[in-house]
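Participant: Take this structure first; my questions come after.
The values are calculated or read from the model by the stated rules, or taken from the named source; none is laboratory data. All of these numbers come straight from a predicted model, not from anything done at the bench. Glycine also receives a Cβ, built like all others from the backbone with ideal geometry; neighbour counts cover every protein chain displayed.
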Amino acid sequence: MEQSPLEGVKNSKPRRKRADLSVRQLRSAVTNGSHLFVHIDHRGATMRRLRDLIALYTSDVGGEDFVSEAVRCLIRRAAMLQLQCELLDQRFAQAGGEATSAQLIDYQRTSSALRRILESLGLERRAKPVMSLEQYIAQEEPAA
């Protein structure tokens, strides 16, 4: 009786070496920062604006290296609320400046929520120092 060439061999396939996975590869795309949302096309103008707002707010609080996950969450919420206000602004402008009562209530609630989040992040409107041209020139002149 003839013996099969695979008899006595438990697994005829060669074992593949396991790839060493980094922590970034083990985490979700949202957690590691490569996506804002799952199953959403990130190439549209709205998503680009959202990413820009997140980057601007992150810069305002000190940059990526100084942002905790809780602060990052608040920044994302603030950016989304600002984006929604901007979209409502656009709708109002397209309608000749007119809005329904319901739209105004939504706008007011969104604006108030945005202000509260920005305050909790410590972002507030600060007056910029303004000087005249003469003051600026005098500041730039080397002392004699």
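Participant: Could you list, in sequence order, the residues of region 95-123 that are surrounded by 11 or more Cβ atoms within 10 Å (Cβ to Cβ), within 26 Å of the chain's Cα centre (by Cα) and not in a helix (DSSP H, G or I)?
Facilitator: 121, 123
Participant: Is there a residue being exposed (fewer than 10 other Cβ atoms within 10 Å of the Cβ), at pLDDT 90 or above and of a type outside the set (Gly, Ala, Ser) anywhere in region 69-80?
Facilitator: yes
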